[in-house]
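Below you'll find the structure, written out as structure tokens, and then a few comments.
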């Protein structure tokens, strides 16, 4: 059972080495998740936040090229 949804990334454009905020609501409130992207230095760990769902921060690799990157989120329940 896979769910799809949107990941909000703020800011949407950032220089290498910068930090982004990530929001996701597909996992449900009060849950946890992890996120990955080829642009991230390491895995992002989502925790419950306000009405927006789950929140995480990620640092962009210093050698990241200026292009679009996908972000994958896996809910704690494996979905």
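No value in this document is a laboratory result; all are computed from the given coordinates. Please read these numbers as outputs of a predicted model, since none were measured by experiment. Glycine also receives a Cβ, built like all others from the backbone with ideal geometry; neighbour counts cover every protein chain displayed.
In what sequence, highest mean first, do 10-16, 68-74, 33-39 appear when ranked by Cβ atoms within 10 angstrom? Kindly include the intermediate steps, with their values, before the conclusion.
Working: 10-16: 10.7, 68-74: 13.6, 33-39: 18.0.
Taking the mean over residues of other Cβ atoms within 10 Å, the ranking is 33-39, 68-74, 10-16.
Run the simple label-point estimate for residue 65 and residue 15 please: 7 Å along Cα→C-beta, distance reported in nm.
The two pseudo-label positions are separated by 2.1 nm.
Normalised by the empirical 2.2 N^0.38 Å for globular proteins, what value does the Cα Rg of the chain take?
Here the Cα radius of gyration is 1.06 times the empirical estimate.
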